[in-house]
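Here's the structure we're looking at; comments come further down.
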Amino acid sequence: MAWWLLIPLVVIALFVLGIRSARAWRESIRGEFVAYLRREAPEFEVVAERDRDLDIRGADGGTGMLSLDRLYREGTHIPVGDTAGKEALFARFVSMLREGGKVASLDAEADRARVFPRLVPDAFFAGVPAREAGKAPVTLPSGVPGLSIALVLDSETSVAYLNRELLADLKLSPDEALAVAKENLGRSMDVGAVVRRAFADRSVNVVKGGDSYDAARLLLVPACLDEGEELAAAIPDRDTLVLTAAPANGDWSAMRKLAGTPAGDVLWPDPLLVRPSGIAPAPAATRT
């Protein structure tokens, strides 16, 4: 095997080692936070626990989603063994939970800047009572069967999935909201530069901005492609986007390994093919 063919394999190996270590650390601090909640804030019940967020039911019976991204970011600055520092961090989050509430009426102009997209498997909204009760989140097709686009209202420590009532407050149709969401997301990172780099040297580009929207940035890629261009992509979890040139020899085995190695909760376990026309599953004939 030519030496240069080993480069993607080395990249994959380092990627897998890194994500396993990070996942173990997140699992540890998340477990400590959940234990703190049960001990110090029993009015909040954790009804679902995922790598990057928790579904929490309050005393009023309502269930909301608490993002743990900020907890993780701030937790990295606390020295190992500093129990008091961790508990102070946890206390701040409990305070924010107690001060928070349901999404109130929205300002159609000011709050549009808080609308962002997320990619979610179709089963994502099943099984949590608050998500089944009446006001279902709006979803749109992604082009990949079983994978949908949801719209969220972004806040400092949480996101609210937008339903038709909230979209009406924003004076947006679902399609208009998606256009706004993609525009807002596009301002946060130059995805076009990553796309050009993938074509320039056929490198494996891993996007991990750490803002919970890395997988969603896949939605920006088709507009960055010229006619006839194709990219291979993987979104193994919400916080990972992998882009590289589509394999000319039809061997998708490396991308399948990346797609099947999530750093957190599984988002999509298969590689994807991106063209200017949109996102689609990798051709079945090219899978190994």
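The values are calculated or read from the model by the stated rules, or taken from the named source; none is laboratory data. The model shown is predicted, which means the values in this text are computed figures rather than measured ones. Every residue, glycine as well, gets a Cβ built from its backbone with ideal geometry; the counts of neighbours run over all protein chains shown.
Looking across segment 250-278, just one residue is among the β-branched types (Val, Ile, Thr) and not in a loop (DSSP other than H, G, I, E, B), and that is Val274.
Table: residues versus (1) of a type in the set (A, V, I, L, M, F, W, C); (2) touching a residue at least 40 places away in the same chain (Cβ under 8 Å); (3) in contact with a Lys or Arg (Cβ under 7 Å, 6 or more places away or on another chain); (4) not in a loop (DSSP other than H, G, I, E, B).
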| site | (1), (2), (3), (4) |
| --- | --- |
| Met189 | yes, no, yes, no |
| Val194 | yes, yes, no, yes |
| Ala198 | yes, yes, no, yes |
| Ser203 | no, yes, yes, no |
| Val206 | yes, yes, no, yes |
| Asp211 | no, yes, no, no |
| Leu219 | yes, yes, yes, yes |
| Asp226 | no, yes, no, no |
| Arg238 | no, yes, yes, no |
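The residue of segment 238-253 that is farthest from the chain's Cα centre (by Cα), among those that are of a type outside the set (Asp, Glu) and farther than 24 Å from Gly210 by Cα, is Asn249.
Listed conditions (1) in the same structural domain as Val120 (by TED's automatic domain parsing); (2) surrounded by fewer than 22 Cβ atoms within 10 Å (Cβ to Cβ); (3) aliphatic (A, V, I, L, M); (4) touching a strand residue (DSSP E or B) at 6+ places or on another chain (Cβ under 7 Å) are all met by Ala181, apart from (2). Filtering segment 82-103 to residues that are farther than 28 Å from Ala215 by Cα and either at pLDDT below 85 or of a type in the set (S, T, N, Q) (or both) leaves Thr83, Ser95, Arg98, Glu99.
Would you say Val47 is loosely packed, with under 15 Cβ neighbours inside 10 Å, more than 23 Å from His77 (Cα to Cα) and either touching a strand residue (DSSP E or B) at 6+ places or on another chain (Cβ under 7 Å) or at pLDDT 90 or above (or both)?
Values: loosely packed, with under 15 Cβ neighbours inside 10 Å: yes; more than 23 Å from His77 (Cα to Cα): yes; either touching a strand residue (DSSP E or B) at 6+ places or on another chain (Cβ under 7 Å) or at pLDDT 90 or above (or both): yes.
So Val47 fits the description; yes.
For segment 32-69, the set of residues classified as over 21 Å from Leu162 (Cβ atoms) and in a helix (DSSP H, G or I) consists of Glu32, Phe33, Val34, Ala35, Tyr36, Leu37, Arg38, Arg39, Glu40, listed by residue number.
Quick check on my filter: what residues within segment 272-288 are modelled with pLDDT under 95, loosely packed, with under 14 Cβ neighbours inside 10 Å and polar (S, T, N, Q)? The answer is Thr288, and nothing else. Ser253 meets all of the listed conditions (1) of a type outside the set (Phe, Trp, Tyr); (2) surrounded by fewer than 17 Cβ atoms within 10 Å (Cβ to Cβ); (3) touching a helix residue (DSSP H, G or I) at 6+ places or on another chain (Cβ under 7 Å) but one, namely (3). Against the conditions (1) surrounded by 18 or more Cβ atoms within 10 Å (Cβ to Cβ); (2) under 18 Å from the mean Cα position of the chain (by Cα), Met189 satisfies every one except (1). For first residues located in segment 107-124 and within 16 Å of Glu165 (Cα to Cα), partners that are modelled with pLDDT of 95 or more and small (Gly, Ala, Ser) and lie 6+ apart or on another chain with Cβ distances below 7 Å form the pairs Val115/Ala177; Val115/Ala181. The residue of segment 240-249 that is surrounded by the fewest Cβ atoms within 10 Å (Cβ to Cβ), among those that are in a loop (DSSP other than H, G, I, E, B) and small (Gly, Ala, Ser), is Ala248.
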